[in-house]
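The structure appears right after this line, and notes come after that.
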Amino acid sequence: MKNLQSLQLQTLIEYLQAITKNRDRLFTESFDIQEIDQYLADNYHILTIQNKLTIIEHLAMIKFQDLSNTAYKFMIEFKNASFNIHELTKIASSFINLYPKEEDFWNKLISDFIKELYLVKPDQVIGEISLIFQSLQAVSFEFTPNHLFTIENIIQDVPLEQAYTIRFQLLQQFTKLSIRNLELSQQVINYELTSFEFKYLQKYTTDKSLEVIKIFLLNEPGQKAVKLLIHQFNYVFSNLPEPIDYYTRYDLYIISQLFLDQLSNDEQFKYQIKKLSEINVNMGYKLDRYFMKREFSLEQGLQFIGLILSFKLQYKKQAFHKLKSLIKSRLQEQDPDQLVEHIVNYKINDNDLIDELLNIMLSKKRTFEELFYYAQQLKTINGKIPEKLDLYLIQRALMEMRALNFVYPLFPNYQRNLIFKRVR
């Protein structure tokens, strides 16, 4: 596209908007989107905030990622700038398509988001809150319990009918972190029963329907909800697309087991129990074969182990120990940082696996600060630092004077005294 300099910036921005509205014709029109983007980036310093938001919103619509100099400059500016919650909503929804894996950006966004929540009336921006949270979910953002509890507390006075979506989203994330939030789950389930009865599940894709059913079952919904969920599950199961992939088998195994646990021997559901038992056995067998063939990723195996341990699901002992053995033999494949992240995220409170992880960590050259960080992360699983790591940190502290600053807040008084006495 020639003579861009002859166009006013506002005209060029409007032209960009027109392009995106007709993006089905994008590659047949006589313009160069990259040239437009470069010109806007060159003039970035005179763009208003509204100009910038409009530009990245429309670049995102056509998924013009990686090559966009304008979006890149905005991301740099974002790191040191402040935005209100309406602007953050537009930014989050745009950057799903532009920079979904830019961790620093998304960490800054949730930090700014939570700060803004303290400055607004939540009931007046509940739609924005839900959209930003949805954007974070879309990029698989790793929420912490503190993130979730903070948002839950801020919106607690917003009427349930107004804030149902964000409350369900919070419940979904709590469940992924293996945290049972009974008060929140009861609010969501009771509102679901009186307002929707799960009927919308028949309109969802298979994976989304199974995900919703699994979340409710993991939060002990009660007999009335279980009976309604069985009806929806039967519909979803009878319309499964072929072939069934690993994640569908995984969900079917978990869901059938949860149904069986909650129905027990209810005579009213004798036929459904028989059918669920068949699904459970069949999916369990296929999962066993999948794991025994070593076709699974390490994260898949750790996720499955974590769910079994956290929610005390029934799984054949022999198969469970075999899976643990396979995972132990493959821990060397992954970077210790990622291993610690997976083990913490999936709440894997298993001595054998953690012991093997520590063997790998301690066999590599790690600074005291790195090991201290691992200790703090692993402590979140059950409130305790693994004994092997605990003792190793004390030994390192005795040898490294600079490490004492890290040790002081970590250990009980008698251990601190022992350290200081020996160093002196």
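Okay, residues lined up against (1) more than 21 Å from E387 (Cα to Cα); (2) in a loop (DSSP other than H, G, I, E, B); (3) among the charged types (D, E, K, R):
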site	(1), (2), (3)
H321	yes, no, no
D337	no, no, yes
V340	no, no, no
L353	no, no, no
E356	no, no, yes
M361	no, no, no
*asked:* Given (1) without any contact (Cβ under 8 Å) to a residue 40 or more places away in the chain; (2) open to solvent by 10 Å² or more (accessible area, probe 1.4 Å), identify the lone condition not met by A225.
replied: (2)
*Residue, nearest to L358 (Cα to Cα), within region 370-392, restricted to residues that are of a type in the set (D, E) and open to solvent by less than 80 Å² (accessible area, probe 1.4 Å)*: D390
_Matching residues in region 44-88 - criterion: being at pLDDT 90 or above, outside any helix (DSSP H, G or I) and open to solvent by 30 Å² or more (accessible area, probe 1.4 Å)_ = T48, K79, N80, S82, N84
*Failed item in (1) of a type outside the set (A, V, I, L, M); (2) in contact with a Ser or Thr (Cβ under 9 Å, 6 or more places away or on another chain); (3) surrounded by 12 or more Cβ atoms within 10 Å (Cβ to Cβ), with E278 passing the rest*: (3)
*Looking only at region 238-249, count how many residues are assigned to a helix (DSSP H, G or I) and within 26 Å of the chain's Cα centre (by Cα).*
4
_Residue list for region 168-193, filter: of a type outside the set (A, V, I, L, M, F, W, C) and either at pLDDT 90 or above or at positive phi (or both)_ = Q169, Q172, Q173, S178, N181, E183, S185, Q186, Q187, N190, Y191, E192
*Might you let me know whether region 186-196 holds any residue that is β-branched (V, I, T) and without any contact (Cβ under 8 Å) to a residue 12 or more places away in the chain?*
yes
*Positions within region 143-155 being modelled with pLDDT under 95 and either assigned to a loop (DSSP other than H, G, I, E, B) or open to solvent by less than 30 Å² (accessible area, probe 1.4 Å) (or both), in sequence order*: F143, T144
*Determine whether D32 is of a type outside the set (V, I, T), at pLDDT 60 or above, within 19 Å of F74 (Cβ to Cβ) and open to solvent by 60 Å² or more (accessible area, probe 1.4 Å).*
no
*Taking the condition of a type in the set (A, V, I, L, M), in a helix (DSSP H, G or I) and open to solvent by 30 Å² or more (accessible area, probe 1.4 Å), does L131 pass?*
yes
*asked:* Residues that are part of a helix (DSSP H, G or I) and over 18 Å from the mean Cα position of the chain (by Cα): does region 170-182 have at least one?
replied: yes
_Looking at (1) crowded, with 17+ Cβ neighbours inside 10 Å; (2) of a type outside the set (V, I, T); (3) within 24 Å of L302 (Cα to Cα); (4) modelled with pLDDT under 85, which one does K364 not meet, given that it meets all the others?_
(1)
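The values are calculated or read from the model by the stated rules, or taken from the named source; none is laboratory data. Computed from a predicted model, the values in this text were never measured in an experiment. All Cβ positions, glycine included, derive from the backbone under ideal geometry; neighbour counts span all protein chains shown. When the accessible area is computed, the model is the full protein with side chains, heavy atoms only, and any ligands, DNA or RNA have been set aside. Shrake-Rupley method; radii C 1.70, N 1.55, O 1.52, S 1.80 Å.
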